[in-house]
Amino acid sequence: MEIVFSLAVGVLGGCGVWLLLRPRTFQLIMGLALLSHAVNLFIFSMGSLSIDAEPIVVVGIAADLAHYTDPMPQALVLTAIVINFAMTALFLVVLLAARGLTGTDHVDGVEPRAGDGDARA
Amino acid sequence: MTSWLDAVMPHLVAAPIVLPLAAAAVMLVLGQRWRAASALVDVAASVAGLAVAVALLVWVDRGGEGGAIAVYLPANWPVPYGIALVVDRLAALMLVLANLLGVTAVLYATARWHRAGVHFHPLFQLQLMGLNGAFLTADLFNLFVFFEVMLAASYGLLLHGSGTARVRAGMHYVAINLAASAVFLIGVAMLYGVTGTLNLADMAQKLAAVPAADRGLLHAGLAILAIAFLTKAAMWPLGFWLAPAYAAASAPAAALFAVMTKVGVYAVLRCSMLFFGADGAIDPLGSGLLVAGGCVTLAVGAFAMLAAQRLARMAGACVAVSSGTLIAALGFGLPSLTAGALFYLTSSTLALAALYLLVELGERVHDVDTDQPEPEVHHAALPFALEAIELPQGVNLDDEERALVGRVLPTTVVFLGLAYLACALVIAGLPPLSGFLAKFAMLSAALDPDGVPNALRSPPSTSAWLFVALVIAAGLLATIALARTGMRQFWTARERPEPRLRVVECVAVALPLTACVALAIGAEPALRYARDAARALHRPAPYIEAVLGAQPVRLEAGRGATR
């Protein structure tokens, strides 16, 4: 389970960072979204990965992390998801405004000249 | 007065967050149709916020040497589990600074900028709320939340007024900050994984007990967190977003943004002092890096000032210089140097906010100059100008051979010129204003850490000399750059129609500059306060005790539930 989980975080994070470095705004927003998913999973893993464990104390079971999963990262992830969701929505608006105002979807608002090294996109 | 303050005090700690939030909600209801009422609420809330911040500062400072530390538990949960808000000297200082800039910016905005787009006032109050919350919180995750509140509002404020340049710069700004937030979260998660707590004071206490096997993870988490903070503070390789974004923002938004880089500096200061201050639980590996990074930021910013073509870009470079100076000064980890740095932080932030307002006024003058043709003046039916007949004797003449003496300068031109002069003096660190005192305090502390002339003391390190040399050189470059733009924009007598300035705008520009003058006049108590704050930061034990010792309010069944 740990291997699968860390692979998921790694792949999401890697894709996110790669897309973040691309020159088109759509790639940028996808990159940020993937990155935030990777971060959310990462936060989740910081509690302790346990299957079928409850986060809230049940009467009769000793209250320690051997019997429960840590509820704190779950609360953090929930907050982070909400914030990321709002930010992505806001960024989408900025992206569309930029597309409308500059007429291009390049992140700098101008198409690179043909001779430039980063013209391929 | 004092007993009244004591009674209301514990609850006043939450006021800097609750007040802007409530004001923003009211203004959202008022909406765009009642813009005047909105503006009134905004100004009133900002002024009230400033009053609260000053009351907190006075109250905290009354606590003598160690200073009083007020802890407020908003949800009334016991400490390591619930949210805690803490005011100590540093937090109170930052609150006063942020709210002073808030009043400045909102006054300026009411003159015309708030009409440039929708929802300026609610966004403005929400940004203030985020700033205040970031200074008050004692919890790493809440720091993240308040950072996000502040940033979300700042995205809106940056785009206020719209236009291609703003949207283009805004996109870069949003993207950088979202990426930095992701980095911030990774750091928070790693620290939580290692220590099992998010409360800063609790974490500081538990760091010493972290087993050796987890040390690597702990160091990595701290480093990642530092990268997030330093991106906000615009340290050199991470700070390229700053100048274009701030230059594109509308003037009142940019003036408030002047304190946002300082939030990053504040976070670095708070965390490093808490985590590394406690009897060397971890070696402060990063302090050398902070000094080096700060020095590079300082140098690059100083050259960027010289190279800047536009005044707004130059102001961005000034922000970078200020950030770099602070980061380097804090990296040394000397209490007396930290005290100087806190004084510098206050005065330079105030001056930068005034500079951003002046940038816009200067450009407005320029626009008047270029865009609008001079109104035709119909003199009386004289076929020639009067000067042609009798040239005054023994009088200074300007380029066009007209008398310089006796010509009345328009009040606005005089005001702008003087305000820019004061701004330049503070930023470049020339006497007699507070910028000079701040730099003097920092430099003397860097060379003579304890303020005692002692032949036995080891000579200052190479990095201290480098810092001193860079600060002085940056002051020289800043003087050159500021004087050059000043002559071009503000200090030359040109035939131009008088720029239109409203009284509110003048008051807004004068407010932070007056504060700088006040800091220079009252340097003794201000520096004493900064010294106490720095000393408390370097000995974090009382802070940790105060936070961990805070008790939730007991509710007596039935009776006390309403209290």
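Each value in this text was obtained by applying a stated rule to the coordinates, not by laboratory testing. Note that this is a predicted model, so its numbers are computed, not measured. With ideal geometry, Cβ positions are generated from the backbone for all residues, glycine too; neighbour counts draw on all protein chains shown.
The residues neighbouring residue B:344, those whose beta-carbon lies less than 15 Å from its own, together hold a net charge of +3 under the Lys/Arg +1, Asp/Glu -1 convention. If I take R0 = 60 Å and measure r between the Cβ atoms of residue B:469 and residue A:54 in this structure, what FRET efficiency does the formula 1/(1 + (r/R0)^6) give, to the nearest 0.05? Step by step, r from the Cβ atoms, then E = 0.45.
Evaluated with a Cβ-only charge set (Lys, Arg +1; Asp, Glu -1), the protein assembly as shown carries a dipole of roughly 280 debye about its Cα centre, given to the nearest 20.
With a 10 Å cut-off around each Cβ of A:85-94, the average count of Cβ atoms from other chains is 4. Mind giving me the FRET efficiency for residue B:213 and residue B:287? R0 is 25 Å, r the Cβ-Cβ distance, nearest 0.05 is fine. In this case the efficiency is close to 0.50. The relative contact order of chain A, computed from alpha carbon pairs under 8 Å that lie at least 6 residues apart in sequence, is 24 percent.
Efficiency by 1/(1 + (r/R0)^6): what FRET value for residue A:75 and residue A:24, r their Cβ-Cβ distance, R0 = 35 Å, to the nearest 0.05? Before the final figure, lay out the partial values.
On the way: r = 35 Å, r/R0 = 1.01.
With a Förster radius of 35 Å, E is 0.50.
By how many degrees, between 0 and 90 and to the nearest 10, does the Cα long axis of helix A:25-45 differ from the longest principal axis of chain A? The angle comes out near 10 degrees.
The mean sequence distance of close C-alpha pairs (under 8 Å, at least 6 residues apart), as a share of the length of region B:1-116, puts its relative contact order at 28 percent.
What is region A:1-44's relative contact order, in percent, from Cα pairs under 8 angstrom and six or more apart in sequence?
On the way: 41 pairs, mean separation 17.9, N = 44.
Reported as a whole number, the value is 41 percent.
Distance between the modelled labels on residue B:62 and residue B:551, one decimal in nanometres: 2.2 nm (7 Å Cα→Cβ projection).
In the protein assembly as shown, helical runs assigned H by DSSP with n ≥ 4 each contribute -39500 (n - 2.57); averaged across all residues and rounded to the nearest 500, the mean residue ellipticity at 222 nm is -23000 deg cm²/dmol. By DSSP, the beta bridges lying fully in the protein assembly as shown are antiparallel in about 90 percent of cases.
Label region B:65-119 by shape, choosing from rounded, prolate and oblate, from the square roots a ≥ b ≥ c of the eigenvalues of the Cα gyration tensor; if a/c is under 1.5 it is rounded, and otherwise prolate applies when a/b is larger than b/c, oblate when it is not.
Working: a/c = 6.03, a/b = 1.96, b/c = 3.07.
It is oblate, given that a/c is not under 1.5 and a/b is not larger than b/c.
I need the shape label for region B:223-275. Rule: rounded when a/c is under 1.5, else prolate if a/b > b/c, else oblate, with a, b, c from the alpha carbon gyration tensor. Cα axes put region B:223-275 in the oblate bin. For chain A, the longest principal axis of the Cα atoms and the long axis of helix A:2-20 meet at an angle of about 20 degrees.
Considering only A:95, A:8, A:112, and ranking their Cα positions along the charge dipole of chain A that arises from unit charges at the beta-carbon of Lys, Arg, Asp and Glu, the one farthest toward the positive end is A:112. Note on chain A: with charges restricted to the Cβ of Lys and Arg (+1) and Asp and Glu (-1), its dipole about the Cα centre is near 500 debye.
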